[in-house]
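K.L.:
Questions regarding the structure given below will be posed in turn.
The numbers here are math on the coordinates, done by the rules we state, and not lab data. Because the structure is a prediction, the values reported are computed rather than measured. Positions of Cβ are backbone-derived with ideal geometry, glycine not excepted, and every protein chain shown enters the neighbour counts.
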Amino acid sequence: MSTSIMCSKSSKYISQYPEVAFGLTIISGCQNFLNPPGFDQYKRKLLRRMRKRETLAEITERIEIYDRFFKSFGYECPLPKHLKRTVNSGFPRYNLMVDAHFMSEMCAGILVAVTDYDHFDGGLTLDLAEENEICRGMGQRDLLTKEGEIVLRDEKEIVCVLCQGADEKTRVGEDTINVLFYAYAVPGIDERYLKEGLTIAAETMSEFGQGFIAGVEIF
């Protein structure tokens, strides 16, 4: 398989958000283990680093930037609740791919999606939505866009609405072997934090999911 994906920004997106980055990483040939050997110790190490006072203050500041951006479109950002839960109780345990997603979000203070690379239809475009476009969200619920919302499209349809969530089509499962993590910045978030978070996700999947990292790309 090809381990690179075409990604571009529409003219509408560039006009509205000229300095706002987007990043992705593909890890191929993975296994989506439930709890591989050594993973708990690895998570605890990252958690200790994340909970350090100065680091946590910086993460909290970035998450507040996302929260204000979500609220400007009338949505609740999930990151503040995730952060509170992680600080109090540690990283959640689902499966390796979903856990890697949470760890990358919380350790870098950014918004990350975890998806099955093989379920996309062609290349990706970061774009702004028209009023009342439909995305088939997780659980087959319809996500209805507002004009100007940031969306991610493949060559067939919207696959994620930034403030509302990713679609059902690209959800990871037990049979996912090629995983794509992508990360959104919003105004005020520097691209280096996208690279930091996506690198955590990629290295986690390489070490514990036995995958091959095709690089971390920032657009």
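K.L.:
Set Lys and Arg Cβ to +1 and Asp and Glu Cβ to -1, take the dipole of the chain about its Cα centre, and tell me which of GLN16, PHE33, ALA214 lies farthest positive.
P.N.:
In the chain, that residue is PHE33.
K.L.:
Give the shape of the stretch 85-161 as rounded, prolate or oblate, defined through the alpha-carbon gyration tensor: a ≥ b ≥ c are the square roots of its eigenvalues, a/c under 1.5 means rounded, and otherwise the shape is prolate if a/b is larger than b/c and oblate if not. Provide the component values of the computation, followed by the final result.
P.N.:
Details: a/c = 2.19, a/b = 1.78, b/c = 1.23.
Since a/c reaches 1.5 and a/b is larger than b/c, the shape of the stretch 85-161 is classed as prolate.
K.L.:
Right, next: In percent, how large is the relative contact order of the stretch 113-219, given Cα pairs closer than 8 Å and 6 or more residues apart?
P.N.:
25 percent
K.L.:
Pairs of alpha-carbon atoms within less than 8 angstrom and 6+ residues apart define the contacts here; what relative contact order does the stretch 45-117 have, in percent?
P.N.:
RCO, the stretch 45-117: 34 percent.
K.L.:
Might you report the magnitude of the Cβ-based charge dipole of the stretch 7-218 about its Cα centre, with Lys and Arg at +1 and Asp and Glu at -1, to the nearest 20 debye?
P.N.:
Working: 26 positive and 33 negative charges, 228 e Å.
For this selection, approximately 1100 debye.
K.L.:
May I ask which residue of TYR75, TYR94, ALA166 lies farthest towards the positive end of the charge dipole of the chain, with charges of +1 (Lys, Arg) and -1 (Asp, Glu) on Cβ and the Cα centre as origin?
P.N.:
Value: TYR94.
K.L.:
Can I ask one more? Which shape class applies to the stretch 1-73: rounded if a/c is under 1.5, otherwise prolate when a/b exceeds b/c and oblate if not, where a ≥ b ≥ c are the square roots of the Cα gyration tensor eigenvalues?
P.N.:
Oblate.
K.L.:
So, in Å, what gap is there between the alpha-carbon centers of the stretch 5-69 and the stretch 130-190?
P.N.:
Centre-to-centre (Cα) distance: 16 Å.
K.L.:
Turning to a different aspect of this structure: Considering all alpha-carbon pairs of the stretch 7-218, what whole percent are spaced by more than 29 angstrom?
P.N.:
20 percent
K.L.:
In the stretch 102-145, if the dipole is taken from +1 on Lys/Arg beta carbons and -1 on Asp/Glu beta carbons about the Cα centre, which of LEU124, MET106, LEU144 is farthest to the positive end?
P.N.:
Highest projection toward the positive end goes to MET106.
K.L.:
Rank these for me by crowding, TYR13, TYR42, going from fewest to most other beta carbons within 10 Å.
P.N.:
Values: TYR13 18, TYR42 15.
If I rank by nearby Cβ atoms, fewest first, I get TYR42, TYR13.
K.L.:
Sticking with this structure for a sec: Anyone know which of LEU83, LEU194, LEU144 comes out most mobile in the 10 Å Cα GNM of the chain?
P.N.:
Ranking LEU83, LEU194, LEU144 by mean-square fluctuation puts LEU144 first.
K.L.:
Further question on the same structure: Express the relative contact order of the stretch 7-218 as a whole percentage, based on alpha carbon pairs under 8 Å and six or more residues apart in sequence. Walk me through the numbers on the way to the answer.
P.N.:
Values: 429 pairs, mean separation 76.1, N = 212.
Over the stretch 7-218, the number comes to 36 percent.
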